[in-house]
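The values are calculated or read from the model by the stated rules, or taken from the named source; none is laboratory data. These numbers were taken from a predicted model, which means no experiment stands behind them. Methodologically, a virtual Cβ is constructed for each residue, glycine included, from the backbone with ideal geometry; neighbour enumeration extends over all protein chains shown. In case anyone asks, the SASA skips ligands and DNA or RNA and just uses the protein heavy atoms, side chains included. Shrake-Rupley method; radii C 1.70, N 1.55, O 1.52, S 1.80 Å.
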Amino acid sequence: MALPSLASRILRVVGVLLLAAAVSAVAVRAGFWQYGRHETRAEAIELYEANAEAEPVTLATALPPGEAVDDDEWTTVTVTGTYDAASLTLLRNRPVDRERVYQQLAWFDTDDGRSLLLSIGYIPVPPEDEEPATADLPAGEATVTAVLRRSEDDDGRRDAGATRVTPAQMPEPAYDPVDGYAMVRESCAADGCVDAYGEPVPLPTLSLGPHLAYAWQWFAFAAIVPVAGIMLARRDWSGVTAAPATPKRPRRPRPAHREPTDEEIEDAL
């Protein structure tokens with residue numbers, strides 16, 4: 001019976017060590033994944049600060065025809081052209097600062113023969129029995145100052161359920177669309193300049209988030225698990241290598257005390 005018990009304990013020790021190694025490896029991988037997310041956010045913030053603080057440049061300088069918005073994101077550009085008033089579209093399911101509003105999107109046909117999707121401002125949601133007070137876009141030439149943004153992935157939602165700024169929910173543009181969009185900071189036409197049509201959509205607030213802290217937590221967990229596994233394995237292994245205790249010889253029960261019989265007394269005399 002000793003051999004199966006010894007083998008089972010050895011298997012348990014090996015199993016504890018293998019499980020600890022596997023859990024530690026998963027924790028290390030999770031830590032590097034969180035650290036990668038931290039680096040991605042740090043690079044995005046660095047790009048944001050560098051481009052946002054730069055002086056405005058023309059759209060053609062920042063984004064030549066045929067190129068997509070990539071490292072040029074957050075660059076402030078100026079562009080001249082005309083609004084396509086018929087393309088005005090309401091993005092109804094995109095809150096601003098947690099406030100339910102309608103964001104307004106429109107195509108802007110640039111002088112260099114492209115169509116740039118603009119987020120031109122937001123308006124309050126009207127009562128159910130009223131129509132939204134959409135913007136009256138200028139009919140003539142306009143000069144727009146805007147911040148470039150990368151294209152957002154299309155989530156397939158349309159109309160009242162739409163959540164993304166994407167050409168997929170817009171009417172067909174007059175020219176080749178720019179791969180990206182821009183958030184209006186100023187629009188100047190013959191009748192003057194405005195910051196936006198409605199209220200300007202604020203730029204998002206970028207932060208590093210908790211990813212670095214999560215990464216260190218995973219790395220610490222990865223270091224602790226093997227130590228705990230080794231301690232458990234040593235406890236089980238000490239049970240395997242310990243000498244078996246010698247069983248004690250059972251004591252004979254003492255005879256119960258009794259009085260001698262008459263015959264035993266006579267024999268004793």
**OP:** Using Cα centres only, tell me the gap between the range 46-75 and the range 22-44 in whole Å.
**Re:** 29 Å
Subject >> Nearest-0.05 FRET efficiency for D153 and W33, computed from C-beta distance (R0 30 Å) >> reply: 0.90
Original post:
Got a sec to turn the phi values of the range 50-58 into Karplus ³J(HN,Hα) couplings, 6.51 cos²θ - 1.76 cosθ + 1.60 with θ = phi - 60°, whole Hz, x for Gly and Pro?
Top reply: 5, 6, 5, 8, 6, 5, x, 10, 6
**OP:** Evaluate the relative contact order of the chain (contact order divided by residue number), counting alpha-carbon pairs under 8 angstrom at least 6 apart; express in whole percent.
**Re:** 25 percent
Original post:
Using modelled backbone amide H atoms (1.01 Å from N, in-plane), which distant-in-sequence or interchain residues come within less than 5 Å of V125's amide H?
Top reply: Y102
**OP:** Only bridges with both residues in the chain count here: give the DSSP antiparallel percent, nearest 5.
**Re:** 85 percent
Original post:
Which FRET efficiency, nearest 0.05, do S207 and E130 yield, Cβ-Cβ r, R0 35 Å?
Top reply: 0.40
**OP:** Enter the accessible area per residue of the range 91-231 (Å², integer; probe 1.4 Å; all protein chains in place).
**Re:** 55 Å²
Original post:
Separation of the range 118-151 and the range 93-111 by C-alpha centroid, Å?
Top reply: 6 Å
Subject >> Neighbour-limited loop hits for GluC sites (Glu not before Pro), the range 1-77 (at most 15 other Cβ within 10 Å; DSSP other than H, G, I, E, B) >> reply: E53, E67
**OP:** Using a 1.4 angstrom probe on heavy atoms only, work out the carbon and sulfur share of the accessible area of the chain in %.
**Re:** 55 percent
Original post:
Of P204, P124, P56, which has the largest mean-square fluctuation in a 10 Å C-alpha GNM of the chain?
Top reply: P204
Original post:
How many nm separate the modelled label positions at L17 and A42, each set 7 Å beyond the Cα in the direction of the Cβ?
Top reply: 3.7 nm
Original post:
What dipole magnitude, in Debye to the nearest 20, does the range 160-220 give about its Cα centre under +1 on Lys/Arg Cβ and -1 on Asp/Glu Cβ?
Top reply: 360 debye
**OP:** Count charges around S238 for me, please; just the other residues with Cβ under 13 Å from its Cβ, Lys/Arg as +1, Asp/Glu as -1.
**Re:** +3
